[in-house]
1. Return the total of residues in the range A:134-158 being out of contact with any Pro (no Cβ under 8 Å at 6 or more places or on another chain), open to solvent by less than 20 Å² (accessible area, probe 1.4 Å) and under 30 Å from B:LEU104 (Cβ atoms).
2. Only one of these conditions is not met by A:SER116: (1) surrounded by 17 or more Cβ atoms within 10 Å (Cβ to Cβ); (2) over 22 Å from A:THR273 (Cβ atoms); (3) within 22 Å of the chain's Cα centre (by Cα); (4) more than 10 Å from chain B (Cβ to nearest Cβ). Which number is it?
3. Determine which single condition A:LEU284 fails, assuming it passes every other condition in (1) away from chain B (no Cβ under 14 Å); (2) under 20 Å from A:TYR219 (Cα atoms); (3) not acidic (Asp, Glu).
4. What do you reckon, is B:ASN64 at the interface with another protein chain (Cβ under 9 Å from one of its Cβ atoms) and part of a loop (DSSP other than H, G, I, E, B)?
5. Before we move on, is B:ALA313 open to solvent by 20 Å² or more (accessible area, probe 1.4 Å) and modelled with pLDDT of 95 or more?
6. Please specify each residue of the range B:211-231 satisfying the condition of being open to solvent by 20 Å² or more (accessible area, probe 1.4 Å) and either of a type in the set (Val, Ile, Thr) or more than 8 Å from chain A (Cβ to nearest Cβ) (or both).
7. Quick check, is A:LEU100 modelled with pLDDT of 95 or more and touching a strand residue (DSSP E or B) at 6+ places or on another chain (Cβ under 9 Å)?
8. Can you tell me which of B:VAL234, B:VAL294 is at negative phi, open to solvent by 10 Å² or more (accessible area, probe 1.4 Å) and more than 10 Å from chain A (Cβ to nearest Cβ)?
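The values are calculated or read from the model by the stated rules, or taken from the named source; none is laboratory data. Bear in mind the structure is a predicted one, so any value in this text is a computation, not a measurement. FYI the Cβ positions are ideal-geometry reconstructions off the backbone, even for glycines, and counts take in every protein chain you see. With ligands, DNA and RNA removed, areas are computed over all heavy atoms of the protein, side chains included. Shrake-Rupley method; radii C 1.70, N 1.55, O 1.52, S 1.80 Å.
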2 protein chains.
Amino acid sequence: MNLEQVRTLDAADRLRPVRDRFVLRDGVIYLDGNSLGALPKATAPHLAEVVERQWGEDLITSWNKHGWIDWPQRIAAKLAPIVGAKPNELLIADSTTVCLFKLLAAAVAAQPGRSSILTEEANFPTDLYAAQGLATLRPDVRPRTVPREDIPSAIDQDTAVLFLTHVDYRSGLRHDMAALNETAHAMGALTLWDLSHSAGAVELELNRSGCDLAVGCGYKYLNGGPGAPAFLYVSERLQGRLQSPLSGWMGHAAPFAFAGKYEPAPDIRRFLTGTPSILALAALDAGLDTFGGVAVADLEAKSQELTRFFIEAVEDRCGSETQLASPRDPKARGSHVCFAHPQGYAVMQALIARGIVGDFRPPDLIRFGFAPLYNGYEDAWHAADALAAILSTREWDRPRFLEWQKVT
Amino acid sequence: MNLEQVRTLDAADRLRPVRDRFVLRDGVIYLDGNSLGALPKATAPHLAEVVERQWGEDLITSWNKHGWIDWPQRIAAKLAPIVGAKPNELLIADSTTVCLFKLLAAAVAAQPGRSSILTEEANFPTDLYAAQGLATLRPDVRPRTVPREDIPSAIDQDTAVLFLTHVDYRSGLRHDMAALNETAHAMGALTLWDLSHSAGAVELELNRSGCDLAVGCGYKYLNGGPGAPAFLYVSERLQGRLQSPLSGWMGHAAPFAFAGKYEPAPDIRRFLTGTPSILALAALDAGLDTFGGVAVADLEAKSQELTRFFIEAVEDRCGSETQLASPRDPKARGSHVCFAHPQGYAVMQALIARGIVGDFRPPDLIRFGFAPLYNGYEDAWHAADALAAILSTREWDRPRFLEWQKVT
């Protein structure tokens, strides 16, 4: 295949026009949208409006006048088609870790007599830390970590919550959410899913797959900006009986009554805690608008095609110089792929020096994320090309490159 | 006194030039900076730089290139002279409520055998809710609320933490922090102070007054923007033995080692949880810069003068139409004052219609905050004038005003 043919693939991509919603620099191929999504063109003007007109001019009255008080729900509702949930099951709040803690604690409290939080050894560290932190407050509860393959058989009548990350941050391995929800429910366990590496890149059907609880990240595929607030999902059927121990005034049934006793709001708002950053919410709002008019099935189809194309291109050009460390079957993974190389860190630095931005994950993984809204076949093609050139010439050993590493 | 004399007071105010650091609209007198601080002129350009150049161009590399990873500490260090603490005792993180929960939980865990969180009946609701939420996870611990005057005698050997708000959000009453720290320490209790209505308006000496723990709000007198992140303070002497149960990857000793077991950072960073919003941090950074070159003693002196001037002006013009609901002695309160009026809500609406923006707090309080960085004597003079006119004419009963209320 040559560059012209690759460009034909891009031209035929029905999501291609969406790329124009983003600021993308010439000379940079950005394959790290799974870590920090690219900047939408609408973000800076929207923020300027919120800062200069709303905050600057309307000041405190903006909480009502511009509806700031409802933004955590209003903005979350834009996620409904992206994750396959009802708008009233979603909320924007806090950070991913804080949201995980809240829902984990709420779930455990709703499962008296069950003592284990079942999770995966290779789960993302902050997920494990959230469970470990909760256990310091609830000595009767313990995180139980098992290898991936043992999960289904480890779910038992002592399992309070099955707590998993849908798409693994390294390998990209994707769990079968519907099947695990079913197994968990058969044992009376609740399920809490971390969707950080899924939402906005793979098709999610939280309702149809029987999900109880979920949390996801706003700054990866959702393009909400660095450290964007998280989102949380609580199935409608559970909202009445779950309660977050991080009770704060924004989650009160009547926040402006200033009552001394906490009474949780009757709906999803009970999972709010303190006053949310309106500026961070505004940026996430613009981030979610980049999904406007996009069918989530098209997102997943593009992710699959693009990652398959990239894997083939790398293997074609690099041969055995690097090994695929993600599943070959696109349905078994998310929208990023990893290759292993003993000099992975240096290889990624050399790629970045050439303007191909992915990242490195210990011990030896070079990771490439494909954001279906703005990455294309030509990006993948050039990235594979650069990787092949670097591996064949051991570019990271060159004096000039080492010099460059020192100054950056 | 006439307007010319009032303007002479403003001209003599050594903080007067600082007012030019803020966007202040013609026709609006903003007396709600204790709820949402005014917009600093530097905020919009700084945010544009962070969004367009750092996020937009440097993308994921900004975490190192622009030092985003250190912003929670770097920005918090600007608070050191404002609150009288060492830079390494401060951190920007989460919301006020989440920070209160973290430090409360950490303090209680460090006080085995002590079962009460002693607080004040009239404490700000979210503070009470944080304690109530913690008690759902720690049934061996209970919030104990007492009337203000009973606090010193209620501190006993069962008190794990004395948990108070320094300046009351309604009355403005200010606790004697040093004396209460001493009483608490004599009984072996720790102290946690909510500084939301103090920081940036009254002189604080967290170190010298023997404070153990504190949390404050970024969006009031610190001008960090709507819902700005909070700050937290942990005395250096306690950092090694306190640990937050909201353990997350940003608080790990080695966040990028991706270890499965949580090991808290050796220093103040252990109180970080998830990834912070960089945009929210950027706005708070610009907010804190408005304090550049300002001595905190001058802040407090100006607050005292200005609020005393306002109280006198109101009493002089309004007579017995409204009653002061804050201490007359400025050293006994913060930088806001409340007056009581049976039609308080309607009176405040009428003031806002005239461009005098304060707020209402149930059941009958009209509240006026004086931000020493940008409010002046002329603001106070016009506000008292407008209040007198409204009270004498019962302006809120007029048909035209009622019409106006309907449309806003």
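1. Residues flagged as out of contact with any Pro (no Cβ under 8 Å at 6 or more places or on another chain), open to solvent by less than 20 Å² (accessible area, probe 1.4 Å) and under 30 Å from B:LEU104 (Cβ atoms) within the range A:134-158 amount to 1.
2. Exception for A:SER116: condition (3).
3. Of (1) away from chain B (no Cβ under 14 Å); (2) under 20 Å from A:TYR219 (Cα atoms); (3) not acidic (Asp, Glu), only one is false for A:LEU284: (1).
4. So B:ASN64 fails the test.
5. On the way: open to solvent by 20 Å² or more (accessible area, probe 1.4 Å): no; modelled with pLDDT of 95 or more: yes.
So B:ALA313 does not fit the description; no.
6. Taking the range B:211-231 as the starting set, the residues that turn out to be open to solvent by 20 Å² or more (accessible area, probe 1.4 Å) are B:219-220.
B:LYS220, the sole residue that qualifies.
7. yes
8. Values: B:VAL234 fails: open to solvent by 10 Å² or more (accessible area, probe 1.4 Å).
Of B:VAL234, B:VAL294, the one residue that is at negative phi, open to solvent by 10 Å² or more (accessible area, probe 1.4 Å) and more than 10 Å from chain A (Cβ to nearest Cβ) is B:VAL294.
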